[in-house]
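The values are calculated or read from the model by the stated rules, or taken from the named source; none is laboratory data. All values derive from a computational prediction rather than experimental measurement. Backbone-built Cβ (ideal geometry, glycine too); neighbour counts: all protein chains shown.
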Amino acid sequence: MKTRKSFLVVFVLLIALTLVVSTVAAANVHLKGGKHAEPSFTDGGLILSAAGALAGLGNGDVLITLVAEADVTSTCTNQGGNQAPGQNPAPITVTGSEAIPADEIKNGNTPFGVVTLAPITIIPGAPDCPNPNWTEEITDLAFTSAVITVEQPEGTLVLTVTCSLYPATSDGSVDKKDVTCY
């Protein structure tokens, strides 16, 4: 009877150890494409998109978040409808996320394409215009940096990729030589 109980305890411990080892083995999440892999970026005017592929994922849903910093281009319009360029708008941060369900992950790999949300384009109080009676409108964003985080499951951070975009982006695809990630 004691031998059977000991065997059962050892068996349960081995199963628990196997689950822990498989979870740890899947914790090597990285961008697919080698040691210096970087996502590709596209400046959509008021939005930034990042695309790539992840490897080393475990079994479970994934949440990818993109946080981007940008310099703002804006216009000021007076009550008569006349426009003047914005003076010195402050930089802005925009974010977006993409949820990928576990059933879309194949052998620990999945492509991703995450896009930030556009900011509210009318800035209340027109702080960068001659006076608050004007209307200030954001017309373009020039992105300077981006941070991609990967959570699996949601709430458990498994990867952070921080990228510098220099020079700041202009509309369209961002040239790989202008992207430095770590």
Of all the residues that make up the stretch 154-182, how many are of a type in the set (S, T, Y), in contact with a helix residue (DSSP H, G or I) (Cβ under 9 Å, 6 or more places away or on another chain) and farther than 17 Å from V67 by Cα?
-> 0
Do you know which residues across the stretch 145-182 are surrounded by fewer than 19 Cβ atoms within 10 Å (Cβ to Cβ), farther than 18 Å from T42 by Cβ and among the acidic types (D, E)?
-> E154
Scan the stretch 23-32 and give yes if some residue there is among the hydroxyl-bearing types (S, T, Y), surrounded by fewer than 12 Cβ atoms within 10 Å (Cβ to Cβ), out of contact with any Phe, Trp or Tyr (no Cβ under 7 Å at 6 or more places or on another chain) and at pLDDT below 95, otherwise no.
-> no
Assuming S97 fulfils every condition listed in (1) touching a residue at least 40 places away in the same chain (Cβ under 8 Å); (2) small (G, A, S); (3) surrounded by 15 or more Cβ atoms within 10 Å (Cβ to Cβ) apart from one, which condition is it?
-> (1)
Output the residues belonging to the stretch 85-144 that are in a loop (DSSP other than H, G, I, E, B), over 22 Å from the mean Cα position of the chain (by Cα) and among the polar types (S, T, N, Q).
-> Q87, N88, N107, N131, N133
Out of all the residues in the stretch 51-95, which are under 30 Å from D128 (Cα atoms) and among the aliphatic types (A, V, I, L, M)?
-> L66, V67, A68, A70, V72, A84, A90, I92, V94
In the stretch 78-113, what residues are of a type in the set (A, V, I, L, M) and at pLDDT below 95?
-> A84, A90
